[in-house]
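Below is one structure, written out as structure tokens, with a few remarks after it.
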Amino acid sequence: MNQCVICQTNRAQVIRPKNGQKICKSCFLEVFELEIHTTIVENNIFPNRGERVAIGASGGKDSTVLAATLKALNERYDYGVEFVLLSIDEGIHGYRDDSLETVKRNAIQYEMELCIVGYDTLYGWTMDKVVEMVGRKGNCTYCGVFRRQALDRGAKQLDISHILTGHNADDIAETVLMNFLRGDLPRLGRCAEIMTASPTSAMKRSKPLKYAYEKEIVLYAHYRELDYFSTECVYSPEAFRGNARSLLKELEKIRPSSVLDIVRSGEQLVHDAIGPNKLRYEEQNEWYEGGKGSENDKHILGNLKSPPGHGTTHQTTDGSRIQTIGVCENCGYMSSQPICKACVLVDSLNKTNASVGVSLGGGQTIH
Ligand code: SF4
């Protein structure tokens, strides 16, 4: 490879997928961090000095790179923000228990407080038990509903109202494609935004890695020798996302800038097509990242109907529809339904458990 096009001194070791630039390792690290800083500044992600902000930490490459870069940038540019690591323990043996060990090491390495919130404590169910009960079809629907609320609850415990997630440009491009193929414009709008707030959540959520390519995140983690966990969940991700990922890889082969092009297209669609009339943060759009589209989700969640007066929508003068919010009559957490989705799912699990099995001492069930 030739000389680095930035410093003109070192040998180029990296070809950047977003623009084809050939650069050296030290320029790559500098540019990668600078681009994240630019994203933070341009979108005013940290408007308040002294704020405590949670980083959703899984121990994977994205959230580890997010924590590492934010620590470096906070020190370099003095955002005046205190970061706290917030992890969710879904109760998946052989996956989450190992990745949480990585997060515990990260907390020491980055000198950040760590809070771990478990499904077992919040809902009385681990994902291992959920899968034992419902099988592998639809398990991600339960997991996604539980995780979203668990993150909010964890942040609330920490008295924090802003959560950062490690979604990268590839994740967002996949989600834009999925929502486009489903014709789900409200969700498409939400996934393309860098910051979201919701009437069903007291939390603001931001994605500082929104414009960072997955390949560069892996490279950054490699060059910085970051300590992260790279095993996939044993209960496998959604098939539809896998198809969107394959499509994106094929597009990238023909046009390397496809990832960012699709992210930008999503933003443009939000602005041009759905901006004026979108249903802002509709309750049914609060399902897990996989979206509302699968028939299985509809089967699992389709019984939820909002009676008049609780979680209703109304139209504003600019044509937007805004949803009002109440609290769950069961757990007291914010919900646009009389009973929140997490409580409905827990209730259905408990009823199924009581009706189909005889519980043995160790939690084992005979069907
Ligand atoms: Fe949960 Fe599904 Fe993700 Fe596994 S793949 S962590 S079950 S949402």
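The values are calculated or read from the model by the stated rules, or taken from the named source; none is laboratory data. Computed from a predicted model, the values in this text were never measured in an experiment. A quick note on method: Cβ atoms are made from the backbone with ideal geometry, for glycine too, and the neighbour counts reach across all protein chains shown. The area values use the complete protein model at the heavy-atom level, side chains included, leaving out ligands, DNA and RNA. Shrake-Rupley method; radii C 1.70, N 1.55, O 1.52, S 1.80 Å.
Some values worked out for this structure:
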read-out: Relative counts (whole %) of C-alpha pair distances in region 25-274, using bins that are 5 Å wide; value: 1, 6, 12, 17, 20, 19, 14, 8, 3, 0, 0
read-out: Relative contact order (percent, whole number), region 13-133, Cα cutoff 8 Å, 6+ residue spacing; value: 21 percent
read-out: Ser258, Ser58, ranked by accessible area, largest first (probe 1.4 Å); value: Ser58, Ser258
read-out: Summed residue charge, Cβ within 12 Å of Gln13's Cβ, Lys/Arg positive, Asp/Glu negative; value: +4
read-out: Carbon plus sulfur fraction of accessible area for region 1-134, probe 1.4 Å, in percent; value: 47 percent
read-out: Rounded to 5, percent antiparallel among DSSP beta bridges of region 25-274; value: 15 percent
read-out: Rounded percent of accessible protein surface that carbon and sulfur make up, region 153-238, 1.4 Å probe; value: 54 percent
read-out: Mean accessible surface per residue for region 25-274, computed with a 1.4 Å probe while every protein chain stays in place, in Å²; value: 42 Å²
read-out: GluC sites (Glu not before Pro) within region 53-135, DSSP loop, no more than 13 other Cβ atoms inside 10 Å; value: Glu111
read-out: Region 10-59: relative contact order as a whole-number percent, Cα under 8 Å and 6+ apart; value: 20 percent
read-out: Listed residue pairs exceeding 22 Å between alpha carbons, taken from Lys61/Lys210; Lys25/Lys215; Lys18/Lys61; Lys61/Lys129; Lys215/Lys249; Lys71/Lys207; value: Lys61/Lys129
read-out: Exposure of Lys71 as accessible area (Å², to 10), given a probe of 1.4 Å and all protein chains; value: 40 Å²
read-out: Proximal aspartates and glutamates relative to Lys253, as straight alpha-carbon distance under 20 Å, when same-chain residues fewer than 8 apart are discounted; value: Asp170, Asp171, Glu174, Glu214, Glu216, Asp261
read-out: Bins of 5 Å from zero: percent of alpha-carbon pairs in region 127-174; value: 5, 16, 18, 16, 19, 17, 8, 0
